[in-house]
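S.K.: Supplied in structure tokens, the structure appears directly below.
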Amino acid sequence: MAAQSSSAEILPLLNSSKNGARVERSTGEGVDQVFLKITKRVVPICFLVAFLSHIDRTNLSLAAREFCSDLGLSSSAYGTGVGVFFVFYAAFQIPSNLALEKLGAPRWMGFLMILWGLVASCMAFVRTKSQFFFLRAVLGMAEAGTFPGMWLYLSSFFPEKHRTLPLALMELGITLAQIFGSPIGAILLSLDNLLRWRGWQWLFFLEGLPSVLLGVWISFRLPAGPESAPYLSDCERKIIQLEFAKGKEIKSEGVGVVERFKQVGWNRNLWMATLVKFLRNMTTDVALFWTPLWIHAMLSGNGLTITGSKHSSCGAANSSSHQDALVAGLTSIPFTCTAITSIFLAWHSEKKQERKFHIGIAYITAAVVFVFLPIASEMGIIFGFVMLTVMLSACHGVSGILVSLGSSYLTPETRAIGLALLNSLGHLGGYFGSELMGIMVEQNGGYVEAILVLSSLLTAAGLIVMVLPDGGQNTRASNNKIEGNLKNGDAGKQHSKPDHSAIHVPGRVVTAVRKKVDSEHLRGKETELVCVE
């Protein structure tokens, strides 16, 4: 029986032994234990990659006031420097993911981390606007493969049904980078004038080095996939293969790059998910880089209206090094709440097997709160800070769920290109959002007008995602077919005659016994898988 026909109808497989073969029994809880084991081994590495990547791209926001002042950068020049990263970041994501497919995650990701760590450290030596733009462009190229590459890597371990929470845990690296990056940045900024270096120079130089070290480790120690993971037994690998087969996620060989590009190009749902990510990133990427400057403005006692010269230091002219350290510490508070929110929402989404309304409601909530942020800021820093925290928690709390939704529209053959497209075009929103914020702040002397525009775009993202189908053709289609079989003759029976079948997986054939059970057993903990050696 071909993989495409039989795997979609895999029902609970019963423990059996044939011709002396060794059989290992695994309940539904046992399957969860396998993926929990993988989560403990794989996700922390992906989390660290995301954490360091985000530290190295966003520490610019903590150094913004001193950096812009020393180099004489205006708000628009700062916005361009932030945005140029995303242009090159977007342009090189698909080539980077194709290279990862060819070279493997260890070699390619290790190389990228070493490269971007060195570039991030070199930011300490920037003296001109041109050098600033150049290094931000190279950093964008080097980090281009980070997130789509790690998404692709996680997708080789986790089938669609089990993928949302691991993706959210990896995306948690972004949030925790904001939490811990801020106080770490505050400490490094306090090294101002040590050995005649400015605080921002110490910040850039020291924060780039851990990426280099982790890149070396990944190059030699990271397993390329489940097949080479030393901590998995043969039975556990077969359980993973069966779970992929149940969702029709067995990759076909011989599909060319051109054909994969065509399939992605005609994937309407993926393009709509990409539009959602683009609109969302116009707000979230701006928030990541401008939150410290918003807090600077709140501390001034004038709400989100900038005081002092609006051309000399990215909108925070009248502040001291001590205030920079205070702002760096305060910035961690909203993102602590965001971390808690993201884990809860990802767990709840995976439990309910529902994604689009989790995302849409969160975005609309964030947009409404964002609109009232300027008003709350004028009422006092506490009110403004609470609104900022709610906005960031809602907006960033569903990042992993959105990636999971986009991934569900892709087949194993198109995942490398599709995920890179989703992230690359989506992150172009960061470029346009940063440019928009920089220009509008410089023209209006405050953030209110730009916030109103970005809030409307975030509302549009929430409305669009709620009309998309919730999931692809994989797990949900398989489950619907099984439920249909049960209703068409077996709904009132707990057992029927066993049906022997062969489930074909790459490189081996697993013989199993198939037996229909009632739908309560199908969804419950008595569901069984069998590993036959």
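S.K.: In nm, give the distance between the simple-model label positions of Gln443 and Ile382, each being 7 Å from the Cα along the Cα-to-Cβ direction.
M.R.: Each label point lies 7 Å from its Cα, and together they span 3.7 nm.
S.K.: Provide the gained length on full extension for the span Lys129 to Gln33, in nm with one decimal, where the gain is 0.36 nm per separating residue minus the Cα-Cα distance.
M.R.: 29.3 nm is the gain from fully extending Lys129 to Gln33.
S.K.: How big is region 32-159 in terms of Cα radius of gyration and Dmax, in angstroms?
M.R.: When restricted to Cα atoms, region 32-159 yields Rg and Dmax of 16.6, 56 Å.
S.K.: In region 346-465, with Lys and Arg counted as +1 and Asp and Glu as -1 at Cβ, which of these residues, Val369, Phe357, Leu422, has the Cα nearest the positive end of the dipole, that is, farthest along it?
M.R.: Checking the options against the dipole of region 346-465, the answer is Phe357.
S.K.: With a probe of 1.4 Å, find how much accessible area region 38-173 has per residue, and write the answer as a whole number in Å².
M.R.: I get 28 Å² per residue for this part.
S.K.: Please give the charge dipole size of region 344-461, origin at the Cα centre, charges +1 on K and R Cβ atoms and -1 on D and E Cβ atoms. Round to the nearest 20 debye.
M.R.: About 480 debye.
S.K.: Peptides 224-232, 447-455: what's the order by average Cβ count within 10 Å, highest mean first?
M.R.: My ranking of the peptides, most packed first, is 447-455, 224-232.
S.K.: Could I ask something else about it? Let's test the formula: R0 of 35 Å, r as the Cβ-Cβ distance of Ser219 and Val258. What FRET efficiency results, to the nearest 0.05?
M.R.: Using R0 = 35 Å, I get an efficiency of 0.70.
S.K.: Report the calculated FRET efficiency for Trp266 and Leu103 (r = Cβ-Cβ distance, R0 = 30 Å), to the nearest 0.05.
M.R.: On the way: r = 28 Å, r/R0 = 0.94.
Between Trp266 and Leu103 the formula returns 0.60.
S.K.: Take the residue pairs Lys238/Lys352; Lys161/Lys262; Lys40/Lys161; Lys40/Lys238 and return only those whose Cα atoms are more than 21 Å apart.
M.R.: Values: Lys238/Lys352 26 Å; Lys161/Lys262 26 Å; Lys40/Lys161 18 Å; Lys40/Lys238 19 Å.
The pairs that break the limit, which is 21 Å between Cα atoms, are Lys238/Lys352; Lys161/Lys262.
S.K.: Rounded to whole Å, give me the distance from the Cα center of region 189-242 to that of region 100-179.
M.R.: 10
S.K.: A follow-up question, please. Over region 365-474, calculate the relative contact order: mean separation of alpha carbon pairs under 8 Å at least 6 apart, over the residue count, as a percent.
M.R.: Relative contact order for region 365-474 comes out at 34 percent.
S.K.: Given R₀ = 60 Å, FRET efficiency for Val467-Leu195 by Cβ-Cβ distance, to 0.05?
M.R.: Taking R0 as 60 Å, the efficiency between Val467 and Leu195 is 0.55.
The values are calculated or read from the model by the stated rules, or taken from the named source; none is laboratory data. Fair warning: this is a prediction, and the values are worked out from it, not measured in the lab. When we count neighbours, we look across all protein chains shown, and the Cβ atoms used for this are built from the backbone with ideal geometry, even at glycine. Heads up: the accessible areas ignore ligands, DNA and RNA and are worked out on the full protein's heavy atoms, side chains in. Shrake-Rupley method; radii C 1.70, N 1.55, O 1.52, S 1.80 Å.
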